[in-house]
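*Asks:* Please read through the structure below; I'll follow up with questions.
The numbers here are math on the coordinates, done by the rules we state, and not lab data. Remember, predicted model here, so these are calculated numbers, not experimental data. All Cβ positions, even for glycine, are placed from backbone atoms using ideal geometry, and neighbour counts span all protein chains on display.
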């Protein structure tokens with residue numbers, strides 16, 4: 001092995017993969033569903049805003065221990081971040097998925113329980129009309 005090859009391998013091993021980006025996307029989706037900002041998420045897991053941003057973008061890899069910590073903060077099992085990975089290599093959210101995430105975030109921020117229930121009933125009624 002040449003010296004050049006030895007120095008290239010660790011760099012390649014640390015480079016983010018499609019899986020890292022997918023896991024980051026799932027973290028972002030769950031965080032938004034819970035109505036947390038990136039800064040709040042960063043504070044809860046004890047990292048900087050920039051680091052949390054890099055995790056979500058799949059720029060930086062997440063250690064097993066950190067992923068476990070994130071799963072605890074977001075209230076999901078670690079396996080949640082890998083669900084759908086095998087059949088879905090597309091990591092970009094489409095417009096409908098973005099709308100659903102925004103709707104979930106806004107719903108979670110409604111403080112009045114009766115307003116949440118009314119909105120939920122309206123959504124059910126509209127869904128029944130479409131069927």
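*Asks:* For segment 49-59, check the following and say yes or no: at least one residue is more than 18 Å from residue 21 (Cα to Cα) and part of a helix (DSSP H, G or I). Walk me through it before giving the result.
*Replies:* First pass over segment 49-59, keeping only residues more than 18 Å from residue 21 (Cα to Cα): none.
Checked against the condition, which is being more than 18 Å from residue 21 (Cα to Cα) and part of a helix (DSSP H, G or I), segment 49-59 yields no hits at all.
*Asks:* Six or more apart or on different chains, Cβ under 9 Å: which pairs go from a residue in segment 47-68 that's on the phi > 0 side of the Ramachandran plot to one that's not in a helix (DSSP H, G or I)? Could you list them?
*Replies:* Pairs found: 58/16; 58/17; 58/91.
*Asks:* Would you check if residue 56 is within 12 Å of the chain's Cα centre (by Cα) and surrounded by 13 or more Cβ atoms within 10 Å (Cβ to Cβ)? Steps first, please.
*Replies:* Working: within 12 Å of the chain's Cα centre (by Cα): yes; surrounded by 13 or more Cβ atoms within 10 Å (Cβ to Cβ): yes.
Yes; evaluated as a whole, the condition is true for this residue.
*Asks:* So, one more: Kindly provide the set of residues from segment 94-107 that are under 16 Å from residue 31 (Cα atoms) and either in contact with a helix residue (DSSP H, G or I) (Cβ under 7 Å, 6 or more places away or on another chain) or loosely packed, with under 11 Cβ neighbours inside 10 Å (or both), ordered by number. Please lay out each step first, then the result.
*Replies:* Just the residues of segment 94-107 that are under 16 Å from residue 31 (Cα atoms), to begin with: 97-107.
Correct list: 101, 104, 105, 107.
*Asks:* Report whether or not residue 76 is within 13 Å of the chain's Cα centre (by Cα) and in a loop (DSSP other than H, G, I, E, B).
*Replies:* Values: within 13 Å of the chain's Cα centre (by Cα): yes; in a loop (DSSP other than H, G, I, E, B): yes.
Judged against the criteria, residue 76 is a match.
*Asks:* Sticking with this structure for a sec: Restricting attention to segment 108-119, report how many residues are without any contact (Cβ under 8 Å) to a residue 12 or more places away in the chain and touching a helix residue (DSSP H, G or I) at 6+ places or on another chain (Cβ under 8 Å).
*Replies:* Step one: list which residues in segment 108-119 are without any contact (Cβ under 8 Å) to a residue 12 or more places away in the chain, which gives 110-118.
Those still in the list that are touching a helix residue (DSSP H, G or I) at 6+ places or on another chain (Cβ under 8 Å) too: 110, 116.
Number of matching residues: 2.
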